[in-house]
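Below: the structure, in structure tokens.
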Amino acid sequence: GTPTTAGAQPIAITLADNAGNSTSFQGTITINPQLQITTTTLPDATVGALYSQQLGASGGSGAGTYQWAVAGDTSLPAGLSLSPTGLLSGTPTATASQVSVPVVVTDTTGGRVSATLTLNIVGGITITTTSVPSGQVGVAYPDYAIVASGGVAPYSWSADVLPPGLTLNSLSGVLSGTPTQTGTVKSTITVKDANGASASAVFQ
């Protein structure tokens, strides 16, 4: 039959022969929840950046020992692979939009279930700002946002060195403050996306 309720269920079995002799057994039988893939969405990947996403499943038998595979004859995007433990990882080599990733998971009794996930692979991150305004000692610098494109948000920003008195917001990329010294400072500003892909530009 087809069980309808998961959990430990009581069971009673009686065996009788034609002579009227009988024996019985009482105990419990464990009905596992239905096997299912719990991962429904995949975060975007970035070309040239390491990608790692653990797929999840529940139910069936042998939780924690499921076996994963790519369903059918489908090939994953170049640079990515799926391990038997369900880790989708690698470094994508080309952009792709709405790529279908069909996967199948098997439990310890051979129960199988499949799902088709969707993955977007976006281009690498770049800094599109080409110059920044000059500042004046003792005068508040206008909040100026360094702009990036591509990659996967959120971005994080950093600089090797900045003119004294100025700061770079690590979350927004906004340059602000009040210069305290004259002179030209060559600053290398770096932006990283959520997958660790980075780009740098020099400003002075």
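Rule-based calculations on the coordinates, nothing more; no lab input. These numbers come from a predicted model, not from an experiment.
Quick notes on this one:
- Shape of region 25-66, Cα gyration tensor, a/c cut at 1.5: prolate
- Comparing Val137, Val191, Val99 in a Gaussian network model of the chain where C-alpha atoms under 10 Å apart are linked, the largest mean-square fluctuation is found at Val137.
- Pairs of Cα atoms in the chain fall into 5 Å distance bins, from 0 up to the last occupied one, in shares of 1, 6, 12, 12, 9, 8, 8, 7, 7, 6, 5, 5, 4, 3, 2, 1, 1, 1, 1, 1, 0, 0, 0 percent.
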